[in-house]
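None of the figures in this text is laboratory data; all of them are computed from the coordinates on show. Source: prediction; values computed, not measured. Cβ atoms come from the backbone with ideal geometry, glycine included; neighbour counts cover every protein chain shown.
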Amino acid sequence: MKSFFLFFLMLLAAGATAQRGTGPDLGDSREAVREKLQRYLDKHKRTGTLIDTDTSLLLRAPMKSDTVLFSYGFNPGGRLASFGYSGCRECVQKFLSELLANKRFGWRRLNDSVYYANYGKRQVVEITDAGGQLSFKRSIVSLTKAEYAALWPEGQR
């Protein structure tokens, strides 16, 4: 009975992992990010150039008629603290739309270029649209609950 229960738990964990998506998540290790990027390239049959620095990983990948730059920043502990995409406008819009549509985060629009996840997720998305170049950056924020609440007008808290 114990082995059946353990098998069932492993199936649940595998299913949850598969539904989570294949892209890097904030908090992932550098190695996990590198592996997920390689799986992404393999799955979509794309080539890319991976640039590894002390504090970041950059991936340049050709998409449609342009190149997308995927940038991943790490904290001193080697965990993913921010990531962003820029380049191919249509591609970035697709990534951004999928991200903001994820109800698990409860994204709230602060203004035209900034969205905050619900307080418990402690994440922000910043969008830049300059000179026809669309990009976004998703990162971890360290606001207190009072600072987070102060972002919203009195009636929206």
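Please list, in order along the range 34-51, the HN-Hα scalar couplings obtained from phi with the Karplus expression 6.51 cos²θ - 1.76 cosθ + 1.60 (θ = phi - 60°), rounded to whole Hz, x for Gly and Pro.
4, 5, 5, 5, 5, 4, 4, 4, 5, 4, 8, 6, 10, 9, x, 10, 9, 10
About its Cα centre, how strong a charge dipole does the range 18-124 have in debye, to the nearest 20, once Lys and Arg get +1 and Asp and Glu get -1 at the Cβ?
400 debye
What pairs in Lys94/Lys137; Lys45/Lys103; Lys121/Lys145; Lys64/Lys121; Lys36/Lys64 have C-alpha atoms more than 23 Å from each other?
Lys45/Lys103; Lys64/Lys121
Taking amide H positions as placed in the peptide plane 1.01 Å from N, state which residues far from Val68 in sequence (5 or more) or on other chains have amide H under 5 Å from it.
Here the answer is Ala61, Met63, Cys88, since their amide H atoms fall under 5 Å of that of Val68.
With θ set to phi - 60°, apply the Karplus curve 6.51 cos²θ - 1.76 cosθ + 1.60 along the range 66-76 and write out the HN-Hα couplings as whole Hz, x wherever there is a Gly or Pro.
9, 10, 9, 9, 9, 10, 10, x, 10, 7, x
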